[in-house]
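Colleague: Have a look at this one before I ask anything.
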Amino acid sequence: KTNGTTCGLKEIMIGRCHDYQYVKHSLFLTNQSIKNCTKLYEVFESAVRYKSYCNMNMSTYERYFDLALDGVHVINRAMFWSGTYAITHTYSGNGRNYVTLEDTLAAAMVDGLIWCGKENDTEGFDFVSCPYTCKSNQWADLAFWGLASKTFAQLAVGEIYVVLNGSQAHGKSAFRNNSFFSSFELPNLRRNGTYRVTKVNTLVLHSPDEIAVEKCGEKSLLDLEKLVRSHGFDYACKDDPEELILIMCSDKWEARECQIAREVLRQT
Ligand code: NGD
(Lines give C-alpha, C1' and ligand atoms only; values in the text may rest on other atoms or scores of the structure.)
Protein backbone atom coordinates (compact mmCIF):
# COMPACT_ATOMS: atom_id res chain seq x y z
CA LYS A 1 0.00 0.00 0.00
CA THR A 2 1.07 3.55 -0.63
CA ASN A 3 -0.25 6.81 0.77
CA GLY A 4 -3.84 7.62 0.09
CA THR A 5 -5.36 9.96 -2.47
CA THR A 6 -3.58 13.32 -2.56
CA CYS A 7 -5.52 15.87 -0.49
CA GLY A 8 -7.02 18.53 -2.73
CA LEU A 9 -6.90 16.26 -5.77
CA LYS A 10 -9.79 18.09 -7.43
CA GLU A 11 -8.43 21.59 -6.79
CA ILE A 12 -4.92 20.59 -7.87
CA MET A 13 -6.15 19.04 -11.10
CA ILE A 14 -8.37 21.96 -12.04
CA GLY A 15 -5.68 24.47 -11.02
CA ARG A 16 -3.00 22.66 -13.03
CA CYS A 17 -5.33 22.59 -16.01
CA HIS A 18 -5.80 26.37 -15.89
CA ASP A 19 -2.07 26.91 -15.34
CA TYR A 20 -1.31 24.66 -18.29
CA GLN A 21 -3.66 26.34 -20.70
CA TYR A 22 -3.45 29.99 -19.68
CA VAL A 23 0.06 30.39 -18.27
CA LYS A 24 2.65 27.72 -19.06
CA HIS A 25 1.64 26.55 -22.45
CA SER A 26 -0.34 29.44 -23.85
CA LEU A 27 2.66 30.68 -25.81
CA PHE A 28 3.79 27.64 -27.70
CA LEU A 29 1.05 25.02 -27.84
CA THR A 30 -0.88 27.13 -30.28
CA ASN A 31 -2.53 24.43 -32.35
CA GLN A 32 -4.59 23.10 -29.44
CA SER A 33 -8.06 24.25 -28.62
CA ILE A 34 -8.78 25.39 -25.06
CA LYS A 35 -10.55 22.72 -23.02
CA ASN A 36 -13.00 23.10 -20.18
CA CYS A 37 -11.04 22.21 -17.02
CA THR A 38 -14.07 21.50 -14.85
CA LYS A 39 -15.50 19.19 -17.50
CA LEU A 40 -12.16 17.38 -17.81
CA TYR A 41 -12.01 16.86 -14.06
CA GLU A 42 -15.59 15.57 -14.03
CA VAL A 43 -14.85 13.02 -16.73
CA PHE A 44 -11.78 11.88 -14.77
CA GLU A 45 -13.74 11.72 -11.51
CA SER A 46 -16.63 9.76 -12.97
CA ALA A 47 -14.17 7.06 -14.04
CA VAL A 48 -12.74 6.49 -10.57
CA ARG A 49 -14.87 7.92 -7.75
CA TYR A 50 -16.86 5.31 -5.77
CA LYS A 51 -15.09 2.52 -7.73
CA SER A 52 -12.75 0.01 -6.18
CA TYR A 53 -9.14 -0.06 -7.33
CA CYS A 54 -9.31 -3.63 -8.65
CA ASN A 55 -12.23 -2.75 -10.93
CA MET A 56 -10.05 -0.42 -12.99
CA ASN A 57 -8.84 -1.53 -16.41
CA MET A 58 -7.33 -0.15 -19.60
CA SER A 59 -10.65 1.38 -20.70
CA THR A 60 -11.52 3.11 -17.42
CA TYR A 61 -9.95 6.43 -18.44
CA GLU A 62 -10.66 6.25 -22.18
CA ARG A 63 -13.08 9.18 -22.20
CA TYR A 64 -10.67 11.30 -20.18
CA PHE A 65 -7.82 10.79 -22.65
CA ASP A 66 -10.12 11.20 -25.65
CA LEU A 67 -11.19 14.56 -24.33
CA ALA A 68 -7.88 15.81 -22.93
CA LEU A 69 -5.74 14.78 -25.89
CA ASP A 70 -8.24 15.56 -28.62
CA GLY A 71 -6.54 17.28 -31.54
CA VAL A 72 -2.98 16.79 -30.28
CA HIS A 73 -0.14 15.60 -32.53
CA VAL A 74 3.50 15.78 -31.64
CA ILE A 75 5.63 16.17 -34.73
CA ASN A 76 9.38 15.46 -34.54
CA ARG A 77 9.48 16.36 -30.81
CA ALA A 78 7.88 13.52 -28.88
CA MET A 79 10.22 12.38 -26.11
CA PHE A 80 9.96 9.14 -24.15
CA TRP A 81 12.00 8.16 -21.11
CA SER A 82 12.76 5.17 -18.93
CA GLY A 83 14.69 5.51 -15.71
CA THR A 84 15.49 9.15 -16.50
CA TYR A 85 12.45 11.11 -15.28
CA ALA A 86 14.15 14.20 -13.83
CA ILE A 87 16.72 14.95 -16.51
CA THR A 88 14.31 14.28 -19.35
CA HIS A 89 11.88 16.83 -17.98
CA THR A 90 14.56 19.45 -17.44
CA TYR A 91 15.59 18.91 -21.04
CA SER A 92 12.08 18.96 -22.51
CA GLY A 93 11.53 22.37 -20.89
CA ASN A 94 7.76 22.11 -20.31
CA GLY A 95 7.29 21.26 -23.96
CA ARG A 96 9.41 24.11 -25.33
CA ASN A 97 12.20 21.84 -26.58
CA TYR A 98 10.55 18.44 -26.67
CA VAL A 99 7.18 17.10 -25.60
CA THR A 100 7.01 14.30 -23.04
CA LEU A 101 3.81 12.61 -21.92
CA GLU A 102 3.92 14.79 -18.80
CA ASP A 103 3.99 17.91 -20.99
CA THR A 104 0.53 17.03 -22.32
CA LEU A 105 -2.55 18.35 -20.52
CA ALA A 106 -3.92 14.88 -19.73
CA ALA A 107 -0.82 13.82 -17.80
CA ALA A 108 0.25 17.24 -16.47
CA MET A 109 -2.98 17.39 -14.47
CA VAL A 110 -2.10 14.31 -12.39
CA ASP A 111 1.64 13.71 -12.69
CA GLY A 112 3.05 12.87 -9.25
CA LEU A 113 -0.38 12.63 -7.62
CA ILE A 114 -1.94 9.57 -6.01
CA TRP A 115 -5.60 8.66 -6.19
CA CYS A 116 -7.90 5.66 -5.78
CA GLY A 117 -11.65 5.34 -5.49
CA LYS A 118 -13.54 3.85 -2.55
CA GLU A 119 -16.91 2.12 -2.76
CA ASN A 120 -19.71 2.83 -0.26
CA ASP A 121 -17.98 5.92 1.04
CA THR A 122 -19.19 9.50 1.26
CA GLU A 123 -15.98 10.93 -0.21
CA GLY A 124 -15.72 8.24 -2.89
CA PHE A 125 -11.92 8.41 -2.69
CA ASP A 126 -9.64 6.63 -0.26
CA PHE A 127 -7.61 9.38 1.40
CA VAL A 128 -5.92 6.97 3.84
CA SER A 129 -4.20 4.45 1.59
CA CYS A 130 -4.21 3.28 -2.01
CA PRO A 131 -3.16 -0.21 -3.14
CA TYR A 132 0.17 -0.37 -4.99
CA THR A 133 -0.95 -3.36 -7.02
CA CYS A 134 -4.05 -5.48 -7.47
CA LYS A 135 -3.33 -9.21 -7.24
CA SER A 136 -6.50 -10.34 -9.00
CA ASN A 137 -6.29 -7.91 -11.90
CA GLN A 138 -2.97 -6.70 -13.30
CA TRP A 139 -4.82 -4.26 -15.60
CA ALA A 140 -5.88 -2.22 -12.61
CA ASP A 141 -2.28 -1.06 -12.10
CA LEU A 142 -2.02 -0.03 -15.72
CA ALA A 143 -5.41 1.67 -15.97
CA PHE A 144 -4.13 5.21 -15.97
CA TRP A 145 -0.42 5.23 -16.90
CA GLY A 146 -0.70 2.25 -19.26
CA LEU A 147 -3.42 3.97 -21.27
CA ALA A 148 -1.62 7.33 -20.96
CA SER A 149 1.52 5.80 -22.46
CA LYS A 150 -0.38 4.04 -25.23
CA THR A 151 -2.37 7.13 -26.16
CA PHE A 152 0.69 9.39 -26.14
CA ALA A 153 2.66 6.98 -28.35
CA GLN A 154 -0.16 7.05 -30.89
CA LEU A 155 0.13 10.85 -31.15
CA ALA A 156 3.82 10.88 -32.04
CA VAL A 157 4.71 11.66 -35.65
CA GLY A 158 8.03 11.77 -37.52
CA GLU A 159 11.21 11.51 -35.46
CA ILE A 160 10.89 10.58 -31.83
CA TYR A 161 13.39 10.57 -28.96
CA VAL A 162 13.88 8.19 -26.06
CA VAL A 163 16.15 8.95 -23.12
CA LEU A 164 17.49 5.82 -21.42
CA ASN A 165 19.61 5.21 -18.36
CA GLY A 166 22.88 3.46 -19.21
CA SER A 167 23.91 3.40 -15.56
CA GLN A 168 21.08 1.32 -14.10
CA ALA A 169 22.03 -0.52 -10.91
CA HIS A 170 20.84 -3.91 -9.61
CA GLY A 171 21.04 -5.65 -13.00
CA LYS A 172 18.27 -3.53 -14.48
CA SER A 173 18.88 -2.82 -18.14
CA ALA A 174 18.58 0.46 -20.03
CA PHE A 175 15.84 -1.04 -22.22
CA ARG A 176 13.70 -3.37 -20.06
CA ASN A 177 11.04 -5.57 -21.59
CA ASN A 178 8.55 -4.86 -18.80
CA SER A 179 8.91 -1.09 -18.78
CA PHE A 180 6.06 1.20 -19.81
CA PHE A 181 8.25 2.32 -22.69
CA SER A 182 8.65 -1.18 -24.09
CA SER A 183 5.16 -2.47 -23.23
CA PHE A 184 2.96 0.50 -24.11
CA GLU A 185 4.92 3.05 -26.10
CA LEU A 186 7.18 1.31 -28.61
CA PRO A 187 4.43 -1.12 -29.75
CA ASN A 188 1.92 1.70 -30.25
CA LEU A 189 3.99 4.04 -32.42
CA ARG A 190 2.31 4.60 -35.78
CA ARG A 191 3.92 2.49 -38.48
CA ASN A 192 1.72 3.43 -41.44
CA GLY A 193 0.13 6.42 -43.08
CA THR A 194 1.07 10.06 -43.44
CA TYR A 195 1.33 10.55 -39.68
CA ARG A 196 3.72 7.68 -39.04
CA VAL A 197 6.87 7.60 -36.98
CA THR A 198 9.98 7.60 -39.15
CA LYS A 199 12.94 7.41 -36.79
CA VAL A 200 13.76 6.55 -33.20
CA ASN A 201 16.60 8.61 -31.73
CA THR A 202 17.94 6.97 -28.60
CA LEU A 203 19.88 9.04 -26.07
CA VAL A 204 21.78 6.97 -23.52
CA LEU A 205 22.84 8.71 -20.32
CA HIS A 206 25.59 7.70 -17.93
CA SER A 207 25.56 9.35 -14.54
CA PRO A 208 28.79 11.22 -13.79
CA ASP A 209 31.00 9.16 -11.42
CA GLU A 210 29.02 5.97 -12.01
CA ILE A 211 30.00 3.09 -14.27
CA ALA A 212 28.62 2.96 -17.78
CA VAL A 213 26.74 -0.35 -17.66
CA GLU A 214 25.50 -0.13 -21.24
CA LYS A 215 26.41 2.02 -24.22
CA CYS A 216 24.83 2.35 -27.67
CA GLY A 217 25.11 -0.94 -29.56
CA GLU A 218 25.57 -3.01 -26.41
CA LYS A 219 23.34 -5.48 -24.54
CA SER A 220 19.74 -4.31 -24.21
CA LEU A 221 20.38 -1.40 -26.59
CA LEU A 222 21.09 -3.94 -29.29
CA ASP A 223 17.69 -5.54 -28.60
CA LEU A 224 16.08 -2.12 -28.86
CA GLU A 225 17.75 -1.41 -32.19
CA LYS A 226 16.56 -4.74 -33.63
CA LEU A 227 13.02 -4.15 -32.43
CA VAL A 228 12.92 -0.59 -33.76
CA ARG A 229 14.20 -1.69 -37.18
CA SER A 230 11.78 -4.62 -37.30
CA HIS A 231 8.95 -2.09 -36.96
CA GLY A 232 10.36 -0.32 -40.05
CA PHE A 233 11.71 2.77 -38.27
CA ASP A 234 15.17 4.25 -38.75
CA TYR A 235 17.36 4.13 -35.67
CA ALA A 236 20.11 6.30 -34.23
CA CYS A 237 21.77 6.12 -30.83
CA LYS A 238 23.97 8.61 -29.02
CA ASP A 239 25.81 8.22 -25.74
CA ASP A 240 25.74 11.24 -23.42
CA PRO A 241 24.80 14.10 -25.77
CA GLU A 242 26.67 17.25 -24.67
CA GLU A 243 23.61 19.28 -23.77
CA LEU A 244 22.51 16.49 -21.45
CA ILE A 245 25.95 16.18 -19.83
CA LEU A 246 25.69 19.82 -18.81
CA ILE A 247 22.29 19.21 -17.22
CA MET A 248 23.61 16.14 -15.39
CA CYS A 249 26.64 18.08 -14.20
CA SER A 250 24.55 20.90 -12.77
CA ASP A 251 23.58 18.34 -10.11
CA LYS A 252 26.95 16.56 -9.82
CA TRP A 253 29.44 19.36 -10.09
CA GLU A 254 32.16 17.49 -8.18
CA ALA A 255 32.19 14.43 -10.45
CA ARG A 256 35.33 13.74 -12.46
CA GLU A 257 33.50 13.98 -15.78
CA CYS A 258 32.12 17.34 -14.79
CA GLN A 259 35.55 18.89 -14.19
CA ILE A 260 36.01 18.81 -17.94
CA ALA A 261 32.87 20.87 -18.34
CA ARG A 262 34.16 23.26 -15.67
CA GLU A 263 37.49 23.73 -17.42
CA VAL A 264 35.89 24.38 -20.76
CA LEU A 265 33.50 26.90 -19.22
CA ARG A 266 36.37 28.75 -17.49
CA GLN A 267 38.28 29.14 -20.75
CA THR A 268 35.47 30.95 -22.53
O1 NGD B 1 5.62 -1.93 -11.36
C2 NGD B 1 5.27 -0.78 -11.24
C3 NGD B 1 6.03 0.32 -11.76
N4 NGD B 1 7.20 0.40 -12.46
C5 NGD B 1 7.40 1.71 -12.70
N6 NGD B 1 6.41 2.43 -12.16
C7 NGD B 1 5.53 1.61 -11.58
N8 NGD B 1 4.37 1.86 -10.95
C9 NGD B 1 3.67 0.83 -10.45
N10 NGD B 1 2.53 1.09 -9.82
N11 NGD B 1 4.09 -0.47 -10.59
C12 NGD B 1 6.25 3.89 -12.22
O13 NGD B 1 6.52 4.28 -13.55
C14 NGD B 1 7.18 4.64 -11.32
O15 NGD B 1 6.45 5.66 -10.69
C16 NGD B 1 8.19 5.24 -12.25
O17 NGD B 1 8.57 6.54 -11.81
C18 NGD B 1 7.46 5.33 -13.57
C19 NGD B 1 8.37 5.18 -14.75
O20 NGD B 1 9.14 4.00 -14.66
P21 NGD B 1 10.55 3.87 -15.41
O22 NGD B 1 11.41 5.04 -15.13
O23 NGD B 1 11.11 2.52 -15.12
O24 NGD B 1 10.19 3.97 -16.99
P25 NGD B 1 9.05 3.27 -17.84
O26 NGD B 1 9.58 3.04 -19.22
O27 NGD B 1 8.44 2.13 -17.14
O28 NGD B 1 7.93 4.43 -17.93
C29 NGD B 1 8.24 5.69 -18.45
C30 NGD B 1 7.57 5.91 -19.80
C31 NGD B 1 7.71 7.36 -20.24
O32 NGD B 1 8.09 7.39 -21.62
C33 NGD B 1 6.33 8.00 -19.96
O34 NGD B 1 5.79 8.49 -21.20
O35 NGD B 1 6.18 5.66 -19.71
C36 NGD B 1 5.45 6.88 -19.45
N37 NGD B 1 5.05 6.84 -18.02
C38 NGD B 1 4.80 5.61 -17.50
C39 NGD B 1 4.45 5.47 -16.18
C40 NGD B 1 4.33 6.56 -15.36
C41 NGD B 1 4.94 7.92 -17.22
C42 NGD B 1 4.58 7.81 -15.89
C43 NGD B 1 4.44 8.97 -14.97
N44 NGD B 1 4.52 10.19 -15.42
O45 NGD B 1 4.25 8.78 -13.77
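The values are calculated or read from the model by the stated rules, or taken from the named source; none is laboratory data. Just so it is clear, the model here is predicted, and its values are computed rather than measured. Note that we place each Cβ from the backbone using ideal geometry, even for glycine, and neighbour counts take in every protein chain shown.
Colleague: For the stretch 203-225, give me each residue that is among the small types (Gly, Ala, Ser), in a loop (DSSP other than H, G, I, E, B) and out of contact with any helix residue (DSSP H, G or I) (no Cβ under 7 Å at 6 or more places or on another chain).
Modeller: Ala212, Gly217
Colleague: In the stretch 166-175, which residue that is away from the ligand (no atom under 11 Å from the Cβ) and within 13 Å of Thr84 (Cβ to Cβ) is surrounded by the fewest Cβ atoms within 10 Å (Cβ to Cβ)?
Modeller: Ser167
Colleague: Select the helices (runs of 4 or more DSSP H) contained entirely in the stretch 95-202, then report the ones holding at least 3 residues which are at pLDDT below 95. Let's see the steps before the verdict.
Modeller: Details: elements: 105-108, 138-142, 145-155.
Filter on the stretch 95-202 gives 138-142.
Colleague: When the residues of the stretch 60-78 are filtered to those that are in a loop (DSSP other than H, G, I, E, B), out of contact with any Asp or Glu (no Cβ under 9 Å at 6 or more places or on another chain) and at pLDDT 95 or above, which remaining residue is surrounded by the most Cβ atoms within 10 Å (Cβ to Cβ)?
Modeller: Of all residues in the stretch 60-78, those in a loop (DSSP other than H, G, I, E, B) come to 60-61, 69-73, 76-77.
Retained after the next criterion (residues that are out of contact with any Asp or Glu (no Cβ under 9 Å at 6 or more places or on another chain)): 60-61, 69-73.
Filter again for at pLDDT 95 or above, leaving 60-61.
Details: Thr60: 19, Tyr61: 24.
Among them, the one singled out is Tyr61.
Colleague: Related question: Please indicate, with yes or no, whether at least one residue in the stretch 79-93 is within 30 Å of His206 (Cα to Cα), away from the ligand (no atom under 14 Å from the Cβ) and either in a loop (DSSP other than H, G, I, E, B) or not hydroxyl-bearing (Ser, Thr, Tyr) (or both).
Modeller: The answer is yes; a qualifying residue exists.
Each row is one residue, and each column tells you yes or no for (1) within 14 Å of the ligand (Cβ to nearest atom); (2) crowded, with 16+ Cβ neighbours inside 10 Å; (3) over 30 Å from Ile260 (Cβ atoms); (4) charged (D, E, K, R).
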residue: Ser136; (1), (2), (3), (4): no, no, yes, no
residue: Thr151; (1), (2), (3), (4): yes, yes, yes, no
residue: Asn177; (1), (2), (3), (4): yes, no, yes, no
residue: Ser182; (1), (2), (3), (4): yes, yes, yes, no
residue: His206; (1), (2), (3), (4): no, yes, no, no
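Colleague: Yes or no: Val163 under 12 Å from Gly83 (Cα atoms), crowded, with 22+ Cβ neighbours inside 10 Å and within 9 Å of the ligand (Cβ to nearest atom)?
Modeller: yes
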